[in-house]
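Structure, as structure tokens:
The values are calculated or read from the model by the stated rules, or taken from the named source; none is laboratory data. For clarity, every value in this text was computed on a predicted model and none was experimentally measured. We place every Cβ from the backbone using ideal geometry, glycine too, and count neighbours over all the protein chains shown. Keep in mind that these areas ignore ligands, DNA and RNA; they rest on the heavy atoms of the full protein, side chains included. Shrake-Rupley method; radii C 1.70, N 1.55, O 1.52, S 1.80 Å.
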Amino acid sequence: MSQIREFKGRVVTPGTVSAEALVSHGGLNTLASFQKALQFGDKTATCGDQNNPDLYGKQMLGKALCLPQTIGSTTGGLVLYCACAMERQPACMLFSKPIDSLAAAGAILADVWVDNVKMPVVDCLGDEFLDYVKDGMTITLKDDGVVVVEG
Amino acid sequence: MILTKEQQAILDGEKGETMAKVMKTLVMYGDAFGAERMVPVTSKYNHLVTSFGLKMMTPVFDLMQQLIDAGVVSEQKFSVDPRPIDKNVPANPLQKLIFNKFMYSKQDFYEDQLKSLGLLEDDAFTCTCYMDEVGNKPKKGEVLSWAESSAVVYANSVLGARCNRNSGIIDIMGSIAGCVPEFGLLTDEGRKATWIIEIKTEKKPEAQLLGSAIGMKVMEAVPYIKGLDKWLGTELDDATCTYLKDFGAATASNGAVGLYHIENLTPEAKEQGDALICEGAQVYVIDDAELERVYKSYPVIWKKADASPKLCFMGCPHMSLEQLKSWTERVEKGLAEAGNKKVVIPTVFTSSPAVLREFEKTPYAERLRATGVITSYICPLMYMNNPLCAKMPVITSSNKLRTYTTSRYYTDDEILVQITKGGAAK
């Protein structure tokens, strides 16, 4: 019988969604993760970051991406924006820590400048959230920043 | 966030829908970090990170075109990161085809967009815009809307300017609006150190390794570094600024450091000393053994770990004039000791177009050419970021290049041996 737990975070960009969890325990290097998918027409957004053993080779499109923060190049925000504009984005991004400036930029750029594509983002979910959530669990994100994890 | 009447009017659409979206982006960006107000951008010039006409970035070009079409451009001119291609850099026919016809097929189009948006000069393409020769050098206390992590950390730390680690696109939007949300490194509180780094090495630490160690430890926090003035002195001369350029880039790529203070050396540390350190700051002691541990932790991701290097890149971030001159002497000396006339691995020294122009005016340029070393304005990181080049065994003494690509790091001394004498991989 599956268990249900709730975590409360802060809404960075609003929205509701239900999706399968994909978990990165290390920081997401946005450029390294999305570059190959965006450059070479991979519509499922397979993660190309060889330095991220949690995500490498896994499909990011449509997943509830659970992570501590993003790292790497200051192109990170615009890469995330491109992923959204090309409809290759995760269903939502759920940060255990306060969001970093690059991820925030990507999420906000997508929210303001991309029509008809939503990628809600919630941060400050806490270390316990990232310890608990596992790949394949079902995530339901509510519009007040509550994340329901089932699995 | 409390906006001025003018800012609120822009947000409400008084200057058009596109300008309203620019302001909305900045307001949301500030809200995410608890900013209470906007502050004016006060630097003379801006610096953008997005210099490459990568086909995958079509949505960025579309957004830029929206800005241009709406006449929403900045009065502030800008420099931008290095170009991704240069015919001077060795590449086989297949690589050239991939670069020009597929990966960077939008390069000319994007460069035209940059000119429409306010590019400082036709060749203002470098990650080291703060070099005197380039001329985009902000003053202490000025507020910037820059991106490019290595330039931001240098401007904050060495020049005492104030800038957050902005993403591409956010950089130009702050410049267009003429204001940025006040949070993080723009505030006095945000510039205080939560880490003390004690340097206890027996020799001058390798800039790249030291920066890497600190970046990995403190991540996005501000470190206050003690004991480094023993090796660097207390004046920001050319050699020290060059060291700090490479050191800072490593802190920003292996971590997310946007500002560091060095006791008795960097401007705010000289003025405020220990008052910059937060109560309860954590301590990280670095000795020679710790740097060796960090060096050994770097993964070798070449397919064949003992492959012979096919290319050497120096200059990520771009080399300074002082660095080009001193390396000319080092390469000459290394070749003489090895009994060789030319470097034994194709070697590219990268620097800004403006610095390369000045270098060409010196006798060192001809001397360096005689060693076989090639100079280029390219971004080595962009050169490496494709499957073809990623398979090549490339060596570098840049920790940033190592971090983002498959290139393999060696210390400066080891690189010198490799390119002048040759030798098996470590």
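P(r) for chain A, please, calculated from all Cα pair distances in 5 Å bins and given in %.
Cα pair-distance distribution for chain A, in percent: 2, 11, 22, 26, 22, 12, 4, 1, 0.
Counting residues in the stretch B:5-186 as N, plug N into 2.2 N^0.38 Å and put the Cα Rg over that result.
Scaled against compact globular proteins, the figure is 1.07.
Which order do peptides B:173-179, B:40-46 fall in by mean Cβ count within 10 Å, highest first?
For the peptides B:173-179, B:40-46, the packing ranking is B:173-179, B:40-46.
Which whole-Hz ³J(HN,Hα) couplings does the stretch B:116-122 yield from phi under the Karplus relation 6.51 cos²θ - 1.76 cosθ + 1.60, θ = phi - 60°, glycine and proline marked x?
For the stretch B:116-122, the Karplus-derived couplings read 5, 7, x, 4, 4, 9, 4 Hz, x marking Gly and Pro.
For the A and B pair, go ahead and give the buried accessible area with a 1.4 Å probe, both sides summed, in Å² to 100.
Interface between A and B: roughly 3100 Å².
Starting from the Cα-Cα distance between B:Y298 and B:D188, subtract it from 0.36 nm times their residue separation and give me the gain in nm to one decimal.
Gain in length upon complete extension: 36.1 nm.
Name the residue from B:T411, B:Y383, B:T371 whose Cα lies farthest towards the positive end of the charge dipole of the stretch B:352-417, charges +1 on Cβ of Lys and Arg and -1 on Cβ of Asp and Glu.
Looking along the dipole axis, the top candidate is B:Y383.
Would you kindly give the portion of the calculated P(r) for the stretch B:190-296 that falls above 18 Å, as a percent of all Cα pairs?
The proportion of pairs with Cα distances above 18 Å equals 42 percent.
Under the 0.36 nm per residue contour assumption, what length would be gained going from the current alpha-carbon distance of B:V417 and B:Q272 to full extension?
That works out to 48.0 nm of additional length.
About the Cα centre of the stretch B:311-420, how large is the charge dipole given +1 on each Lys and Arg Cβ and -1 on each Asp and Glu Cβ? Please answer in debye to the nearest 20.
280 debye
What's the center-to-center distance, using Cα atoms, between the stretch B:125-144 and the stretch A:52-79 in Å?
31 Å
Cα-Cα over 25 Å: which of B:K106/B:K310; A:K97/A:K142; A:K36/B:K115?
Check vs 25 Å cut-off fails for B:K106/B:K310; A:K36/B:K115.
If you consider only alpha-carbon coordinates, what radius of gyration and Dmax does chain B have, in Å?
Both quantities, over Cα of chain B: 21.8, 71 Å.
For the pair B:K341 and B:T42, how long in nm is the line joining their label points, each one 7 Å along Cα→Cβ?
5.8 nm
For the pair A:T44 and A:K134, how long in nm is the line joining their label points, each one 7 Å along Cα→Cβ?
It works out to 2.2 nm between the two label points.
In nm, what is the difference between 0.36 nm times the number of residues separating B:N88 and B:M216 and their Cα-Cα distance?
42.6 nm
First measure r as the distance between the Cβ atoms of B:K333 and B:K96, then evaluate 1/(1 + (r/R0)^6) with R0 = 41 Å and state the FRET efficiency to the nearest 0.05.
Once rounded, the FRET efficiency stands at 0.75.
What distance in nm lies between label points placed 7 Å from Cα along the C-beta direction at B:D123 and B:K230?
Placing both labels 7 Å beyond Cα along the Cβ direction yields 4.4 nm.
Viscosity 0.890 mPa s, temperature 25 °C: give me the Stokes-Einstein translational D for the protein assembly as shown in µm²/s, with Rh taken as the Kirkwood radius over C-alpha pairs.
Reported coefficient: 101 µm²/s.
Mind checking which of B:M23, B:G258, B:I286 is farthest towards the positive end of chain B's charge dipole, using Cβ charges of +1 (Lys, Arg) and -1 (Asp, Glu) about the Cα centre?
Towards the positive end, the residue furthest out is B:I286.
Report the FRET efficiency, 1/(1 + (r/R0)^6), for B:T58 and A:R10, where r is their Cβ-Cβ distance and R0 is 22 Å, rounded to 0.05.
Computed FRET efficiency for B:T58 and A:R10 comes out at 0.10.
Using the Cβ atoms and a cut-off under 12 Å, what net charge is assigned to the surroundings of B:V89, where Lys and Arg are +1 and Asp and Glu are -1?
+2
Any idea what log10 I(q)/I(0) is at q = 0.22 Å⁻¹ for the stretch B:311-426, Debye with uniform C-alpha scatterers and no solvent?
Each listed q maps to, in turn, -1.27.
Students often check this: by mean Cβ neighbours within 10 Å, which of A:70-78, B:349-357 ranks highest, and how do the rest follow?
Output ranking for A:70-78, B:349-357: A:70-78, B:349-357.
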